[in-house]
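**Q** What follows is a structure written as structure tokens; I'll ask about it next.
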Amino acid sequence: MAGTTVGRITDNLAILRVDDSSTHYFEGLWEIPEGITYNAYLLDTGEGFILFDGWKRVYASELLRILEGLLDPGDLKYIVVHHMEPDHTGSLPLVASWARDAKILGHPMAFKIMGGRVAAERFRPVRDGEELALGGYKLKFIYAPWIHWPETMFTYVEGDSVLLTCDAFGGYGIPRAVFDDECRDMDWYLYTAKKYLVTVVGRYRGFVVKALDKLSKLGVEPSIVAPGHGLVWRKDPRLIMDHYRRISSGELVEGKAVVVYASMYGSTERLALHAAKALSQAGYRVSVYGFTDSKRPSIADTLADIADSELLVIALPTYEADPYPLIEYLVGLICEKASAPRRAAVLGSYSWGGVGAKAIASMLEKCGHKVVYVGERQRIHATLREVEEEVESLLKAVGSPRGA
Ligand SMILES: Cc1cc2nc3c(=O)[nH]c(=O)nc-3n(C[C@H](O)[C@H](O)[C@H](O)COP(=O)(O)O)c2cc1C
Ligand SMILES: [Fe+2]
Ligand SMILES: [Fe+2]
């Protein structure tokens, strides 16, 4: 059974968290050995309860069991849907049928996406900036489109100064802690948050910056940021907001380089590893991701690591007159989710007609990279001297780390 937590965020706001360690590939794509949490929130206004979001469908009956222990179904006045993705709404039909009088509040698009799963008369669309008063509480709904679907929005709980943000400011991982100040390994968490942001929201990262600017313009400076995944931020909400801003605006870390390669029979691997060694001797902090017949790194980690690197080196064989398929797939994802005006170099290996490196270089250029070196050669029988010469040329083109 999955771990669940019911914790107090403020006097009247509770987190209802479930720890999902069964999902190994989030969205069927992203490797998450660290797991993920789904966080719903329950506000007791004194004149009825408001539930914000929910859990994935496999945990729906578990969420209902918890709600049954906390309130009568007639006391649930509203269910606020910040985002319709099923990791937060899988439980909605069950909870909505339990609390038959609760109105469902959300962006007008949310109802469209709901596709009849809940009766139309239950739904009340909210406008951007609309306020709702209940009991001693005033809530403000703030549209935050494309974080990470078109209908996404935040709720600001005035008074308590809590901003409920669903996907925004979330992270992968199942931290033992509920709050940032209890987290023992903030470096790890900030890494999983980056990995989450890049893989899930990466395509729409410009909207993260827009949402942050919008909050500033509205004068919303939350004391607590409560996302739909991972830690709740009460000690230092600016930390996660600034982290999200830096990654979303494509800020690159000086001196950071990532070498990615694929190799079937070793010639590309030999070259890539020589290049990685030389880059690190030149002062770069290098991480290496190699796809071979004996290892396959996590695509999610590879993307996360590339997202803030100032230099990207890709080495690949030509495969059936095309770039090696895994590399083409990865570069497609880099362009969609992690492109930046970073420097890139591409090394190709072929036996009778090389096209892979040029094609990859052109993909990278089209999505904003500055390609500083393309070396495509027949390498299957390359001597050590030839490898060293190629790496020397690469290093000359790439230069030292920016800050060095
Ligand atoms: C299935 C397969 C398809 C290949 N297709 C091409 C090709 O279209 N053009 C080419 O020049 N070499 C092709 N090659 C040869 C490799 O690109 C070349 O041997 C390269 O050096 C292999 O790099 P590696 O030693 O890192 O695996 C192919 C090799 C394999 C196994
Ligand atoms: Fe989402
Ligand atoms: Fe989500």
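Each value in this text was obtained by applying a stated rule to the coordinates, not by laboratory testing. Just so we're clear, the structure is a prediction, and the values are computed from it rather than from any experiment. Note that each Cβ is placed from the backbone with ideal geometry, even for glycine, and that neighbours are counted across all protein chains shown.
**Q** Would you work out the relative contact order for the range 78-118, in percent, from Cα pairs under 8 angstrom that are 6 or more residues apart?
**A** On the way: 28 pairs, mean separation 23.4, N = 41.
After rounding, I find 57 percent.
**Q** Please list the non-local residues whose amide H lies under 5 Å from the amide H of Tyr324, H modeled 1.01 Å from N, same-chain partners needing a gap of 5 or more.
**A** Residues meeting the amide H criterion: Tyr319.
**Q** Amide H of Gly3: which non-local residues (sequence gap of 5 or more, or other chain) have their own amide H closer than 5 Å, using H built in the peptide plane?
**A** Here Asp19 satisfy the definition.
**Q** Output ³J(HN,Hα) for the range 8-13: one whole-Hz value per residue in order, computed from phi by the Karplus curve 6.51 cos²θ - 1.76 cosθ + 1.60 with θ = phi - 60°, and x for Gly and Pro.
**A** 8, 9, 9, 3, 10, 10
**Q** Amide H to amide H, which residues 5 or more places from Ala315 or on other chains are under 5 Å from it, using H placed in the peptide plane?
**A** Amide H neighbours of Ala315: Val260, Tyr261, Ala262, Leu347.
**Q** Hey, what does the equivalent ellipsoid look like for the chain, semi-axes from the Cα gyration tensor as sqrt of 5 times each eigenvalue, largest first, whole Å? Walk me through the numbers before you get to the answer.
**A** Numbers: eigenvalues 435, 80, 64 Å².
For the chain, the ellipsoid semi-axes come out as 47, 20, 18 Å.
**Q** For the range 253-397, what percent of Cα pairs sit more than 24 Å apart? Write down the numbers at each step before the final one.
**A** Values: 2099 of 10440 pairs.
Result: 20 percent of Cα pairs exceed 24 Å.
**Q** Return one number: the angle in degrees, 0 to 90 and rounded to the nearest 10, between the long axis of the Cα atoms of helix 267-281 and the longest principal axis of the Cα atoms of the chain.
**A** Tilt of helix 267-281: around 80 degrees.
**Q** Something else about it: Taking Cβ-Cβ under 4.7 Å as the only way to count a partner, pick out the unpartnered cysteines of the chain.
**A** Singleton cysteines: Cys166, Cys183.
**Q** Moving on to the next point. Could you give the distance between the Cα centres of the range 214-286 and the range 1-19, to the whole Å?
**A** First find each Cα centre; the distance between them is then 29 Å.
**Q** Using θ = phi - 60° and the Karplus form 6.51 cos²θ - 1.76 cosθ + 1.60, what ³J(HN,Hα) does each residue of the range 396-402 get, whole Hz, x for Gly and Pro?
**A** 4, 6, 7, x, 7, x, 3
**Q** Here's a follow-up. Within the range 21-94, which GluC sites (Glu not before Pro) sit in a loop by DSSP and count at most 12 neighbouring Cβ atoms inside 10 Å? Show your work: numbers first, answer last.
**A** On the way: sites: Glu27, Glu31, Glu34, Glu47, Glu62, Glu68; in loops: Glu27, Glu34, Glu47.
Counting only loop positions with at most 12 other Cβ atoms within 10 Å, the GluC sites (Glu not before Pro) in the range 21-94 are Glu27, Glu47.
**Q** May I ask you to derive the relative contact order of the chain, considering only C-alpha pairs under 8 Å and at least 6 residues apart, and to give it as an integer percent? Can you show the working numbers first?
**A** Details: 880 pairs, mean separation 44.8, N = 404.
For the chain, the relative contact order is 11 percent.
**Q** Provide the net charge surrounding Leu16, with neighbours chosen by a C-beta distance below 15 Å and charges set as Lys +1, Arg +1, Asp -1, Glu -1.
**A** Values: positive: Arg8, Arg17, Lys56, Arg65; negative: Asp19, Asp20, Asp44, Asp53, Glu62, Glu68, Asp87.
Charge balance in the 15 Å sphere: -3.
**Q** In sequence order, what are the phi-derived ³J(HN,Hα) couplings for the range 149-161 according to the Karplus relation 6.51 cos²θ - 1.76 cosθ + 1.60 with θ = phi - 60°, rounded to whole Hz, with x for glycine and proline?
**A** With coefficients 6.51, -1.76 and 1.60, one gets 10, x, 9, 6, 8, 10, 10, 9, 8, 5, x, 6, 6 Hz.
**Q** Counting other Cβ atoms within 10 Å, which GluC sites (Glu not before Pro) in the range 301-390 have at most 15 and lie in a DSSP loop?
**A** On the way: sites: Glu310, Glu320, Glu328, Glu336, Glu365, Glu376, Glu386, Glu388, Glu389, Glu390; in loops: Glu320.
The qualifying sites are Glu320.
**Q** Which entries of Lys56/Lys295; Lys195/Lys256; Lys103/Lys194; Lys103/Lys210 have Cα-Cα distances beyond 27 Å here? Each step should come with its number before you reach the end.
**A** Details: Lys56/Lys295 32 Å; Lys195/Lys256 16 Å; Lys103/Lys194 35 Å; Lys103/Lys210 29 Å.
Those over the limit are Lys56/Lys295; Lys103/Lys194; Lys103/Lys210.
**Q** On a 0 to 90 degree scale, rounded to 10, what angle separates helix 186-196 from the longest Cα axis of the chain?
**A** 90 degrees
**Q** Still on this structure, please answer the following. Lys366 versus Glu254, label points 7 Å from Cα toward the beta carbon: distance in nm?
**A** Once both label points are built, they end up 3.4 nm from each other.
**Q** Determine the relative contact order of the range 66-169: mean sequence separation of Cα pairs under 8 Å and six or more apart, normalised by residue count, in whole percent. Mind showing how you got there, number by number?
**A** Values: 165 pairs, mean separation 24.4, N = 104.
Once divided by the residue count of the range 66-169, the mean separation gives 24 percent.
**Q** How big is Rg to Rh over the range 210-309, alpha-carbon atoms, Rh as the Kirkwood inverse-mean-distance radius? Could the numbers behind the result be given before it?
**A** Numbers: Rg = 18.9 Å, Rh = 16.4 Å.
Expressed as Rg/Rh, it is 1.15.
**Q** Taking springs between alpha-carbon atoms closer than 10 angstrom, which of Ile66, Ile327, Ile174 fluctuates most in the Gaussian network model of the chain?
**A** It is Ile66.
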